[in-house]
Amino acid sequence: MTELSLTRPREHARSVPEAGTRLAPRPRRGRRLGPGRAVPGALLVGPVLLLIAWILGSGTGLLDPNTLSPPWTVVTTFGDLVADGRLQSNLLTSVRRAGIALVIGIGLGVVLALVSGLSRTGEALIDGPVQIKRAIPTLALIPLAIIWFGIGEDMKIIVIAASVFVPVYINTHAALSGVDGRYVELAETVGLSRRAFVRRVALPGALPGFFTGLRLAVTISWLALVVVEQVNATSGIGYLMTQARNYGQTEVIVVGLVVYAVFGLVGDTVVRQIERRALSWRRTLGS
């Protein structure tokens with residue numbers, strides 16, 4: 001009994017903190033400052049809301065059908081255009097034009113960005129004219145392009161390519177200029193050749209800017225396509241919309257706009273997926 005009465009107070013005394021000591025605060029879970037987890041199907045939320053607003057506006061009479069055809073009329077017109085084959089044939093022509101111009105414009109933008117970003121002489125020769133082209137809208141180039149290249153397919157592809165290469169050049173050049181100078185010094189220290197420096201340092205450093213320019217280029221290619229296909233064209237989605245405008249067929253015009261929007265959205269989504277895979281090594285706010 002005596003030993004028990006003596007040991008219990010001692011054990012209790014060890015568990016009681018000494019006077020003047022402060023208990024460590026319990027770690028609180030900090031607030032997330034980033035954008036949070038990705039929302040499934042986030043890319044479709046905005047278009048779905050627009051579609052709902054369109055349906056409600058047409059169903060309640062807020063939207064005049066002569067100004068904007070209701071969605072059910074557009075769906076019916078879409079089916080008719082598919083049934084008689086007009087949509088497929090014009091769509092293939094537009095995709096071919098945009099694809100060829102996109103390849104030419106991307107290649108030209110990357111080459112010019114590398115020459116300008118890796119050489120002061122190249123920058124002095126190239127950057128100024130590109131900035132001038134950047135300030136000139138595509139629509140203003142068409143009259144001169146018609147005089148130089150005629151009204152055939154070459155003119156349309158050249159105008160689209162001239163619009164596409166600018167965002168690729170601007171963003172790739174900016175990324176090259178932003179490569180950390182310590183990497184350049186390290187490459188010089190280890191004795192990398194010019195070719196190896198471009199392959200191992202310059203190109204990886206320029207990839208984020210290149211993909212940003214590529215996303216803009218895909219969208220701009222479709223915007224330029226709308227313009228050039230309304231200039232003496234005999235096929236293409238823009239030609240289909242021009243003919244519909246002459247006859248007041250707003251539902252056909254809306255079908256063309258929806259096709260442009262879908263292809264632009266799909267193209268941007270594909271580029272973003274490629275970018276996410278190619279730059280999976282980066283830890284960014286959106287990753």
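Every read-out reported here was derived from the displayed coordinates using simple, explicitly stated rules and does not represent laboratory data. Keep in mind that this is a model prediction, so the values were computed, not measured. Positions of Cβ are backbone-derived with ideal geometry, glycine not excepted, and every protein chain shown enters the neighbour counts.
Among 188, 153, sorting on how many other beta-carbon atoms sit within 10 Å of each Cβ, with the fewest leading, yields 188, 153.
Taking other C-beta atoms within 10 Å as the exposure proxy, 156, 133 rank 133, 156 from fewest upward. The label point for residue 92 and the one for residue 111, both projected 7 Å from the Cα toward the Cβ, are 3.1 nm apart. Charge tally for residue 101 (other residues, Cβ to Cβ under 14 Å; Lys, Arg +1; Asp, Glu -1): 0. A full extension of the chain between residue 174 and residue 151 corresponds to an added length of 4.8 nm, given 0.36 nm per residue minus the alpha carbon distance. The gain in end-to-end length when the residue 190 to residue 48 segment is fully stretched comes to 45.7 nm, 0.36 nm per residue minus the alpha carbon separation. Counting neighbouring Cβ atoms within 10 Å and putting the fewest first, the residues 169, 183, 247 line up as 247, 183, 169. From a point 7 Å beyond the Cα of residue 247 in the direction of its Cβ, which residues of segment 68-85 have a backbone N at a distance under 15 Å? Backbone N within reach: 77-85.
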